[in-house]
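For reference, the structure discussed in these notes is given below.
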Ligand code: ADP
């Protein structure tokens, strides 16, 4: 195909909070079909990077191109979702009084036009999409249960599924395994691996064991800049990384 490997590219982006540069001339790329983690000490600029990609914060200078053409820095949050970038925030935000299935239906209908929202029934293709998604997140058995009755991990997977119903090319996740049990973490890692077969996944994470198990690429940020990038194995060997971060 003529599409480049990179789904997202930032060129010298700076995010300036009244003189303080949370991100400082950062060049950064995310490739297709990749589980890409962003790590670094507190205050490194990781959250700000996700904020700027999804339109929740603004760059003062620089450019972010998506799918080789669109400059995201000029777009609203909704326009960015329409372009194919969806973010799951850390705090769960499923509709507790609706079933698992109904939550997914809502997410699907948000993606579609008003006409299909008015239409009472899902067509066969929609039904299949919803069933496939339930299967992917392992909640087929729970589909008629209220979302509020789910375990913490299950709620997080439902939320990832709701993000996926938007059919994004790039999924942004903030610490997806926070508060999870060991077995929930493993399931989440496996889910993310499956998601990355079709999409790029960019994850801010503090848990180095999780990063080690599931990363294709790791970017280490420090003081708003890229300190190092590579496989987790290379990251762990790098002396600068050990100094500012891992070797604490
Ligand atoms: P990380 O996610 O790596 O811990 P953040 O991106 O949250 O880092 O923050 C980077 C730096 O920018 C921090 O020093 C933080 O205090 C600062 N910062 C973040 N958001 C704002 C804001 N809205 N106004 C001022 N400073 C901010």
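The values are calculated or read from the model by the stated rules, or taken from the named source; none is laboratory data. All values reported here derive from a predicted model rather than from experimental measurement. We place every Cβ from the backbone using ideal geometry, glycine too, and count neighbours over all the protein chains shown.
Summary table
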{"quantity": "Subset of the range 7-22 that is in contact (Cβ under 8 Å) with a residue 60 or more places away in the chain and away from the ligand (no atom under 13 Å from the Cβ) - its residue that is surrounded by the fewest Cβ atoms within 10 Å (Cβ to Cβ)", "calculated": "8"}
{"quantity": "Single residue of 243, 223, 205, 233 found to be over 14 Å from the mean Cα position of the chain (by Cα) and surrounded by 14 or more Cβ atoms within 10 Å (Cβ to Cβ)", "calculated": "223"}
{"quantity": "Of the criteria (1) more than 13 Å from residue 40 (Cβ to Cβ); (2) touching a strand residue (DSSP E or B) at 6+ places or on another chain (Cβ under 6 Å), which one residue 233 fails", "calculated": "(2)"}
{"quantity": "So residue 147, is it in contact with a strand residue (DSSP E or B) (Cβ under 9 Å, 6 or more places away or on another chain), surrounded by 16 or more Cβ atoms within 10 Å (Cβ to Cβ), more than 27 Å from residue 46 (Cβ to Cβ) and modelled with pLDDT of 95 or more", "calculated": "yes"}
{"quantity": "Flag if residue 46 is in contact with a strand residue (DSSP E or B) (Cβ under 7 Å, 6 or more places away or on another chain), farther than 21 Å from residue 163 by Cα and either touching a residue at least 40 places away in the same chain (Cβ under 8 Å) or buried (at least 17 other Cβ atoms within 10 Å of the Cβ) (or both)", "calculated": "no"}
{"quantity": "Within the range 26-138, strands (runs of 3 or more DSSP E) holding 3 or more residues that are modelled with pLDDT of 95 or more and more than 16 Å from the ligand (Cβ to nearest atom)", "calculated": "61-66"}
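Here's the yes/no breakdown for (1) modelled with pLDDT of 95 or more; (2) out of contact with any helix residue (DSSP H, G or I) (no Cβ under 8 Å at 6 or more places or on another chain); (3) away from the ligand (no atom under 16 Å from the Cβ):
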| position | (1), (2), (3) |
| --- | --- |
| 166 | no, no, yes |
| 171 | yes, no, yes |
| 194 | yes, no, yes |
| 205 | yes, no, no |
| 248 | no, yes, no |
